[in-house]
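Working notes for the structure below.
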Amino acid sequence: MVNFHRAPTGVRFEREVRAVARLNHRNIVQVYDFGTEGDLAYIVMEHIQGKELKDYFDANERFDLKQAFALMIELLDALEFAHEAGIVHRDIKPGNVMVDTGGHAKLTDFGVARVADPEGPQAEATRVGAQVGTPSYMSPEQVQGQKVDGRSDIFSAGIIFYQFLTGQKPFEGTQFTLQQKIVMEDPVWPSALVQVPPEFDRVIARALAKDVKQRYQKARDFAVALKRILEGKPPEDPNEVLAVPLPVPAPSAAHATHDSEAEKEFWEEVKDSDDAEDLKLYLEQFPHGKFVAEAKSKIAALGG
């Protein structure tokens, strides 16, 4: 597969493409060759049998949570590998994530990637004032033409995770409105749109934090949070010390009402049960519910 880009040629282009070509990772499409043709720079990449994640999203094909988490963890693993090599992708979006025939994520198209300055901070990637990326998936610092580092890719990956959960983008609108939302507004939290636990809101809030210091500092940290959820643990590592407090998503009134109704309906079904397991299931579903004390009392009475 050959990708063409209008890009500056010369020593810097060659240095950056050579760096990308050294990214030998199972979840990154391999770069085999590069060169120029007139004012076009081309990159020869591995051919992948599969579809872009964008195709699934555009067709409203939903992934179950297990599949979504597996693909996200693979994407984040690929990003961690690239960032450790000093490469910031700068255009993380569903169109640049392939899903191969085996159901695995493959990160592709490093055409606008930049290699961090080996003699400076990681944030050398983009000159101030330049906007590089796809508008709906840009980080606040990209929108404002500021310097970016790997945490910008993490923000973009957070947008993809939001789409996995809700089937829609967290920020939409005309160009000006979109940019304003990315820089200034929180999204509607996933639990207000679909049936997911509030832990997912906390992960989204951190991945999409406006302040890079509040965001996951490494792609690996984002992946660890997802793995902790899969293990039934809270996404935050209790031993982690944060320099800046995490943003706390506030549940919407609509979501609170929905939860209240769901809890009441569930309680009505199990409150007179002679099986302690039914009542335990209520506690698992609503650990802070209004009938918790009564449920525990009934479980004790049943010898559970």
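Values computed for the structure shown
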read-out: Which listed residue is over 20 Å from residue 220 (Cβ atoms), surrounded by 14 or more Cβ atoms within 10 Å (Cβ to Cβ) and at pLDDT 95 or above, from 153, 100; value: 100
read-out: Leading residue by the ranking (nearest to residue 92 (Cα to Cα)) among those in the range 158-211 that are of a type in the set (Gly, Ala, Ser) and buried (at least 17 other Cβ atoms within 10 Å of the Cβ); value: 158
read-out: Which listed residue, of 56, 32, is among the aromatic types (Phe, Trp, Tyr) and surrounded by fewer than 17 Cβ atoms within 10 Å (Cβ to Cβ); value: 32
read-out: In the range 201-224, the residues that are in a helix (DSSP H, G or I) and under 11 Å from the mean Cα position of the chain (by Cα); value: 203, 204, 205, 206, 207, 219, 222, 223
read-out: From the options 19, 68, 41, residue that is out of contact with any Asp or Glu (no Cβ under 9 Å at 6 or more places or on another chain) and at pLDDT 95 or above; value: 68
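The values are calculated or read from the model by the stated rules, or taken from the named source; none is laboratory data. Not measured: the values here are computed from a predicted model. Using ideal geometry, Cβ is built from the backbone for each residue, glycine included, and neighbour counts are taken over all protein chains shown.
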